[in-house]
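Here, each number is a calculation from the coordinates, and none is a lab measurement. Since the structure is predicted, the reported quantities are computational estimates derived from the model, not experimental observations. Cβ placement follows ideal geometry from the backbone for every residue including glycine, while neighbour counts extend to all protein chains displayed.
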């Protein structure tokens, strides 16, 4: 009876100036399991929660290497995400064929955003139902971008997407100011802590998360985009748990968490 | 990819569907006969370039020959490309002008990203390599030898770059390069006298020595030269000037004397 009249295709405006189909696509990002990304001056880290679709199934990969210098983590429709990561791989390999140089991350993110934008302006298309954290390295250092189905994209110091990502965002908002000068190990630890915030009742272990890193070493050579091995992740998780034993740390972080959750949502959540 | 796809993918004369890539003979049957550059018409002679302490220096004369006639006396064969590179060309002058159009389009679209990234000499050289090789594979080569020099800040500080591409797509990087006749007459001099830490003045002296040898021995060179340099400060193309010559050497008086040939 009072059905929404303005949401039957992507190109129809509502009188309030909204595109409902695009907004619904943005919702799809929040359904997927969480991903976080953070970067320092020289390194970028991506992490994702591995959630199996059912007790009997395996989980779907959510972190993809795009090129030696770039990778993505995605939340939402993983099938759409794979299409987009293939597109990104194509762009990178074409660029390195022509110029024998890696495609700058800002251009990679922009090409992706342009592709997503087209789907919001054609009646016979559907927006991608996936949000991507694009991380990588170029001449100007490490970068992290968030690309969403609406065709918007933003650069971040640290960000989280997917289900219960607000908890991770709160954690990151409290700490991101120091990230510029973080070591790779510190970045990974914070990525794991942020991921941990998004888990509900589950315990963080190397079997339910994926972490990847890319960066530049001190001597100027590239440290290629790579998934970090399960053994190393478990080692870091264990060391973090030991640190948490300290009671002072625990109580202060709980207080701050309450304060943090009152903060407004990040702009693209609208 | 933007620039290249336009250059070698889309526009320009293409091989008609179904015709043999090598053929001119059966092209009439398809009705879409294509004309390719079979011979160069207006050509420039040698370009020489070398790395020195602060960057790269490049030089050539300003002549262009129509066949073997010295037809044009002041054409610029060295141009700036973007912020970090200079290009020098020998061979067909109109093909060089076309290449300059490609590069203008490339650097313009690169600039229009407006994101602080820019193509360096290495990237431009690689791009040119793809264009040259692609055109030769269409049996429609751009009849040039191109020299590309530049300086750009990299992760390990300022990096000097000097490379060459020819009409069939062969490409390499070197500390000093020379095209055409210069490859025969200037390279031995450069090999003997080039040093990594040369000052600009020393580099100019060495370049002038090579140019003078070429002027004496290369019939298509003229005595009007242009020198260009590229450093971190950017590129400078100096106005043309002449070198002092001395034709009174005894070997010049009867040049055929020492050359005993079978004919």
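Using only the alpha carbons of segment B:122-175, what is the convex hull's orientation-averaged projected area in square nanometres?
Mean projected area for segment B:122-175: 3.6 nm², to one decimal.
Place a point 7 Å from Cα of residue A:123 in the direction of its Cβ. Which residues in segment A:6-45 have their backbone N less than 11 Å from it?
In segment A:6-45, the label zone of residue A:123 (backbone N under 11 Å from the point 7 Å along Cα→Cβ) covers A:9-12.
Can you tell me the equivalent ellipsoid semi-axes for segment A:20-242? Use √(5λ) from the Cα gyration tensor, largest first, whole Å.
So the three semi-axes of segment A:20-242 are 25, 23, 15 Å.
Convex hull volume of the Cα atoms in segment A:96-169, per residue, in Å³?
Value for segment A:96-169: 101 Å³ per residue.
Would you please give the FRET efficiency between residue B:33 and residue A:82, computed as 1/(1 + (r/R0)^6) with r the Cβ-Cβ distance and R0 = 45 Å, to the nearest 0.05?
Once the sixth-power term is evaluated, E becomes 0.45.
Can you tell me the convex hull volume per residue for segment A:62-120, based on C-alpha atoms, in Å³ to the nearest whole number?
Enclosed volume per residue, from the Cα hull, is 77 Å³.
Calculated from DSSP H runs of 4 or more alone, at -39500 (n - 2.57) each and per residue, what is the 222 nm mean residue ellipticity of chain B, nearest 500?
-8500 deg cm²/dmol
Rounded to a whole number, what is D in µm²/s for segment B:204-263 from Stokes-Einstein with the Kirkwood radius over alpha-carbon pairs (4 °C, 1.567 mPa s)?
It comes out at roughly 92 µm²/s.
Can you order the peptides B:51-57, A:115-121 by their average number of other Cβ atoms within 10 Å per residue, highest first?
Descending packing order for the listed peptides: B:51-57, A:115-121.
Suppose the Debye formula is applied to equal point scatterers at every Cα of segment B:103-215; what is log10 I(q)/I(0) at q = 0.11, 0.15, 0.22 Å⁻¹?
-0.46, -0.81, -1.23
Specify, per residue and in Å³, the volume enclosed by the convex hull of the alpha carbon atoms belonging to segment B:42-240.
Spread over its residues, the Cα hull of segment B:42-240 gives 114 Å³ apiece.
Based on the mean of other beta carbon atoms within 10 Å per residue, what is the order of A:228-236, B:124-132, most packed first?
Highest to lowest by the protection proxy: B:124-132, A:228-236.
Can you give me the pair-distance distribution of segment A:192-237, C-alpha pairs, 10 Å bins, whole percents?
Binned Cα distances yield the sequence 24, 42, 26, 7, 1.
Stretch residue A:96-residue A:226 to full length: gain in nm at 0.36 nm per residue minus the Cα-Cα span?
44.9 nm
Show that you can apply the helix-only estimate: for chain A, add -39,500 (n - 2.57) for every DSSP H stretch of four or more residues, divide by all residues, and state [θ] at 222 nm to the nearest 500.
When only DSSP H runs of four or more count, the value is -12500 deg cm²/dmol.
Exposure proxy check: B:260, A:36 ranked by fewest other beta carbons within 10 Å?
B:260, A:36
Output needed for segment A:36-168: three equivalent-ellipsoid semi-axes, defined as square roots of 5 times the C-alpha gyration tensor eigenvalues, in descending order, whole Å.
Its equivalent ellipsoid spans semi-axes of 22, 19, 15 Å.
Over all residues in A:92-99, what is the mean tally of Cβ atoms on other chains that come within 10 Å of each residue's Cβ?
5
Let me know the whole percent of all Cα-Cα pairs from the protein assembly as shown that are separated by more than 31 Å.
Roughly 59 percent, rounded to a whole number.
Using only Cα positions of segment B:71-114, each an equal point scatterer, no hydration layer, compute I(q)/I(0) via Debye at q = 0.22, 0.25, 0.31 Å⁻¹ and quote the log10 values to two decimals.
The computed values of log10 I(q)/I(0) come out as -0.77, -0.92, -1.18.
Kindly give the semi-axes, whole Å and largest first, of the ellipsoid equivalent to segment A:152-228, taking each as the square root of 5 times a Cα gyration tensor eigenvalue.
23, 16, 12
Pairs of alpha-carbon atoms within less than 8 angstrom and 6+ residues apart define the contacts here; what relative contact order does segment B:42-240 have, in percent?
Value for segment B:42-240: 32 percent.
Give, in nm to one decimal, the length gained when the segment between residue B:200 and residue B:137 is fully stretched (0.36 nm per residue of separation minus the Cα-Cα distance).
18.7 nm
So how do B:194, A:13 line up by other beta-carbon neighbours within 10 Å, fewest first?
With the sparsest Cβ surroundings first, the list reads A:13, B:194.
Based on the inverse mean of 1/r over its pairs of different Cα atoms, what is the Kirkwood hydrodynamic radius of segment A:1-52, in Å?
Kirkwood hydrodynamic radius for segment A:1-52: 14.1 Å.
Taking Cα atoms of segment B:159-263, Rg/Rh with Kirkwood Rh, to two decimals?
Result: Rg/Rh = 1.02.
Can you give the average number of partner chain beta-carbon atoms within 10 Å of each beta-carbon in peptide A:56-66, as a whole number?
Going residue by residue through A:56-66 and averaging, the value is 0.
Among A:92, A:39, which comes first, then next, by fewest other beta-carbon atoms within 10 Å?
So the ranking, lowest neighbour count to highest, is A:92, A:39.
Across peptide B:112-120, how many C-beta atoms of other chains are within 10 Å of each residue C-beta, on average?
The shielding value for this peptide is 4.
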